[in-house]
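The values are calculated or read from the model by the stated rules, or taken from the named source; none is laboratory data. Not measured: the values here are computed from a predicted model. Don't worry about glycine lacking a Cβ; one is built from the backbone with ideal geometry, like all the others, and counts go over all protein chains shown.
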Amino acid sequence: MDETARPSDIPQTIGRYQVQESIGYGAMGAVYKAFDPLIKRTLAIKTIRLDIPRGSPQYKSFIDRFYHESVRFTDFNVSPTCAPTRAAEE
């Protein structure tokens, strides 16, 4: 995550989350700082690239890595402000 997305590339919302700014992006996708109005907390949302064809081996690899990271992240002792809440495929 070495560069910041341009403001025109930043969605206003992702699901119920209100996107505030781009934290960065890399080979897998983008990370955004967002606010969850349900729990009234700021959090980070990681998204994966959507330009990879769903049936391709690269897509399966991205999905596997994404879920692996979300499971691995829950193993760490993290503060409640950055604990993952869910991983979803839309």
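Quick check on the stretch 40-60: of everything there that is charged (D, E, K, R) and assigned to a loop (DSSP other than H, G, I, E, B), which residue is surrounded by the most Cβ atoms within 10 Å (Cβ to Cβ)? Spell out how you get there, then give the answer.
Step one: of the stretch 40-60, the residues charged (D, E, K, R) are 40-41, 46, 49, 51, 54, 60.
Next, only the ones that are assigned to a loop (DSSP other than H, G, I, E, B) stay: 40, 49, 51, 54.
Working: LYS40: 7, ARG49: 14, ASP51: 6, ARG54: 8.
So the residue we want is ARG49.
Among residues of the stretch 46-68 that are closer than 12 Å to ALA27 by Cβ, those with a beta-carbon under 6 Å from a residue that is exposed (fewer than 12 other Cβ atoms within 10 Å of the Cβ) and among the polar types (S, T, N, Q) at least six positions away or on a different chain give the pairs ILE52/GLN58.
In the stretch 1-40, which residue that is among the basic types (Lys, Arg) and more than 21 Å from VAL71 (Cα to Cα) is modelled with the lowest pLDDT?
As a first pass, look at the stretch 1-40 and keep what is among the basic types (Lys, Arg): 6, 16, 33, 40.
Keeping just the survivors that are more than 21 Å from VAL71 (Cα to Cα) gives 6, 16, 40.
Details: ARG6: 46, ARG16: 94, LYS40: 95.
Selected residue: ARG6.
The conditions are (1) under 13 Å from the mean Cα position of the chain (by Cα); (2) modelled with pLDDT of 85 or more, and ALA87 fails exactly one of them. Which is it? Status for ALA87: all satisfied but (2).
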